[in-house]
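Please read the structure below before turning to the comments.
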């Protein structure tokens, strides 16, 4: 790696790789480098999700999530087609199983249409036409939802960025960041690298990288583990496509849902339980540093007070396969506990404010072209959980825009 570059991206998940790719397209010839601490790319959030290309139906009109998911879904499908990445536009059902959910279902339909998404309202017979084994009293069909292989998408971004001259390095965790008036010096296990602008796409560790760079953003990453099961091979025919419950608007998780992936497997989940490590993919993994940081943050306790009933239910489903199965049976009555086998878990990097509010939109910090007084030399992606993989192309362009503006402003 060269000793000095124009823009250095930290983090080799799908957002960091999309940013490197966008930088090479927006400024051909710019010296772009990327550091990833793992031995390969896309090993955390990108490689541990259900592979859904989200339509944008859930998100507040005008928000980053709404705009970027709607545009990003269409772009991502076109990208997959061009690059030969496995994908399928399957559509999905959102199903109400009780009368109390009907007002929320109607509000979702209205929100989806406000976001420019085609939404069809269904009765029981309409649900059965798409998913004969799914039970509900009403539903929505969202035609633009699909599935893809997100690690393969990330690999394509990496390949295209490298072909355009970006220097992407794995096994290079960031240890120090020294930010000065004219440059930023980043220390890794293998040496130092000087850049004119630092871009932080570190996902589960984005708040730590921001603090290393001297920016106190006021938020912390509080990790939530999402635990999945999958249907046994003999029972995969119970589900044809994608089936979701009506989500609780008070919490940023979509509930236990059914997802037929591009390789034929059917994922069931996830639940959402507090993780005892930022990379804690099972209950046995505990990081004293991560856990102490989570418990010391005031926002953690305020979340607990606000959502303790919800989390008790999630923990119950985590500890009891019978309870998890019962949650699935609300949508899919034919499934039994014997039909479910454990699958790979993921950890959501959820940004939380000190007041305990969960950031419900993508969030950026550091240099802002609209604010001449904003901090120079660094751009931070503070909150990019789902649907960030779907929205990775527009997110990458937005981060690249900010980084290149910082480059110009910094001289």
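Note down the nm distance, to one decimal, between modelled labels 7 Å out along Cα→Cβ at residue 181 and at residue 296.
In this crude spin-label approximation the distance works out to 3.3 nm.
So how tilted is helix 392-410 from the main axis of the chain? Cα-based, degrees 0 to 90, rounded to 10.
With rounding to tens, the tilt is 20 degrees.
Using a Gaussian network model of the chain with C-alpha springs under 10 Å, which one of 387, 274, 132 is most mobile by mean-square fluctuation?
132
Take every DSSP beta bridge whose two residues both sit in segment 1-160, then give the antiparallel share in percent to the nearest 5.
For segment 1-160, the DSSP antiparallel bridge percentage is about 75.
Apply 1/(1 + (r/R0)^6) to the Cβ-Cβ distance of residue 323 and residue 344, taking R0 = 25 Å, and write down the FRET efficiency to the nearest 0.05.
It comes to 0.75.
Could you grab the relative contact order for segment 208-288? Cα pairs under 8 Å, six or more apart, rounded to a whole percent.
With pairs under 8 Å counted, the relative contact order is 31 percent.
Given labels modelled 7 Å from the Cα in the Cβ direction, how far is it in nm from residue 125 to residue 285?
With each label point 7 Å from Cα toward Cβ, the separation is 4.9 nm.
Give the shape of segment 286-410 as rounded, prolate or oblate, defined through the alpha-carbon gyration tensor: a ≥ b ≥ c are the square roots of its eigenvalues, a/c under 1.5 means rounded, and otherwise the shape is prolate if a/b is larger than b/c and oblate if not.
Prolate.
What percent of all Cα-Cα pairs in segment 304-345 falls in each 10 Å bin, counting up from 0?
That works out to 27, 47, 22, 4, in percent per bin.
Give the angle, between 0 and 90 degrees and rounded to the nearest 10, that separates the Cα long axis of helix 150-163 from the longest principal axis of the Cα atoms of the chain.
20
Round to the nearest 10 and give me the degree value, 0 to 90, for the angle of helix 64-83's Cα axis relative to the longest principal axis of the chain.
Relative to the chain, helix 64-83 is tipped by roughly 90 degrees.
Of the beta bridges DSSP finds with both residues in the chain, what % are antiparallel, to the nearest 5?
70
On average, how much area does the Cα convex hull of segment 3-142 cover when viewed from any direction, in nm²?
The number I arrive at for segment 3-142 is 11.3 nm².
How much of the pair distance distribution for segment 115-197 lies past 22 Å, counting alpha-carbon pairs only, in percent?
Beyond 22 Å sits 61 percent of the P(r) for segment 115-197.
Which whole-number percent gives the relative contact order of the chain, counting Cα pairs below 8 Å spaced six or more residues apart?
After rounding, I find 24 percent.
Go ahead and set up a Gaussian network model of the chain, Cα springs under 10 Å, then flag whichever of 331, 312, 254 fluctuates most.
Sorting by GNM fluctuation, first place goes to 312.
Rule-based calculations on the coordinates, nothing more; no lab input. Keep in mind that what you see is a predicted model, and the values were worked out from it rather than measured. Please note: Cβ atoms are built from the backbone with ideal geometry, for glycine as well, and neighbour counts cover all protein chains shown.
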